[in-house]
Amino acid sequence: MNAADLDSVLDVFKALAEASRLRLLGVLASREHTVDELAALLDLRAPTVSHHLAKLRQVGLVSLRLDGNLHWYRLDQHALSALSRDVLSVERVASFADSVETDAWKKKVLRDFFDGQRLKDIPASRKKREVILEHLASRFQVGQRYRETQVNDVLLQHHADPATLRRELVGAGLLRRERSVYWRTAESAE
């Protein structure tokens with residue numbers, strides 16, 4: 001989830017994080033009301049109700065209809081349905097942490113296994129090894145062809161056993177090999 005989407009979701013949750021606003025939505029779910037009616041029903045002052053309605057309108061949950069001097073407010077049921085479908089779906093909620101979890105964990109793995117540019121050990125854990133291999137693969141340009149000696153030179157900067165790393169990179173699909181020529185594909189870079 002990008003920063004703008006996250007900010008939009010946060011705005012909705014901030015608007016809903018107040019008991020009076022939730023009660024207002026509950027009352028508006030049955031039919032439209034004026035500010036004075038809502039104030040009387042909820043035992044609030046009219047300016048307070050107007051303030052809460054403005055917050056709810058800002059996030060699109062409440063709409064306004066003008067009738068002469070009267071302002072009628074109602075729950076926007078389509079917006080509420082969209083909120084439920086788009087923001088509160090399991091997939092969307094899971095996406096809130098996409099970049100946080102993955103990036104932080106990958107950075108930790110790289111810190112744990114590298115001392116500067118040198119790889120201390122090749123991780124036994126497949127998941128950690130994939131992080132290390134992706135990092136090493138990023139040293140190769142997509143589409144550029146490398147002789148085996150060139151691949152070894154790059155890998156020797158990081159570890160004393162380039163043959164093992166080379167085999168691991170090919171096995172993981174991060175580098176392709178044909179007759180001692182290696183290259184990185186666009187798919188492996190994603």
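Let me check I have the definition right: for the chain, take the eigenvalues of the Cα gyration tensor, multiply each by 5, take square roots. What are those semi-axes in whole Å, largest first? Show your work: numbers first, answer last.
Numbers: eigenvalues 722, 52, 27 Å².
Taking √(5λ) for each eigenvalue gives 60, 16, 12 Å, largest first.
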### Query
Summing -39500 (n - 2.57) over the DSSP H runs of n ≥ 4 in the chain and dividing by its residue number, what mean residue ellipticity at 222 nm do you reach, to the nearest 500 deg cm²/dmol?
-16500 deg cm²/dmol
### Query
Which value, in Å to one decimal place, does the Kirkwood hydrodynamic radius take for segment 1-50 when every pair of different Cα atoms is included?
12.1
### Amide proton proximity set for VAL62, modelled H, under 5 Å, gap of 5+
ARG57, ASP76
### Query
Residue farthest toward the positive end of the dipole of segment 77-190, with Cβ of Lys/Arg at +1 and Asp/Glu at -1: which of PHE114, LEU165, ALA94?
LEU165
### Query
Counting Lys and Arg as +1 and Asp and Glu as -1, each charge on the Cβ, what is the dipole of the chain about the Cα centre in debye, to the nearest 20?
760
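Relative contact order of the chain: what whole-number percent is it, with Cα pairs under 8 angstrom and at least 6 residues apart? Write down the numbers at each step before the final one.
On the way: 179 pairs, mean separation 27.6, N = 190.
With pairs under 8 Å counted, the relative contact order is 15 percent.
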### Query
Can you give the Rg and Dmax of segment 98-189 based on its C-alpha atoms, in angstrom?
13.0, 40
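Given segment 69-190, what count of lysine pairs have C-alpha atoms under 12 Å apart, with each pair 8 or more places apart or on different chains?
Working: LYS106/LYS127; LYS106/LYS128; LYS107/LYS128; LYS108/LYS128.
Step by step, the pairs that qualify in segment 69-190 add up to 4.
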### Task
Could you give me the radius of gyration and the Dmax of segment 3-95, taking only the C-alpha atoms into account and expressing both in angstrom?
14.0, 46
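Each reported figure results from applying straightforward, stated rules to the coordinates on display, with no laboratory input. Since the model is a prediction, treat every value here as computed from it, not as a measurement. Heads up, the Cβs are rebuilt from the backbone with ideal geometry, glycines too, and the neighbour counts pull from every protein chain shown.
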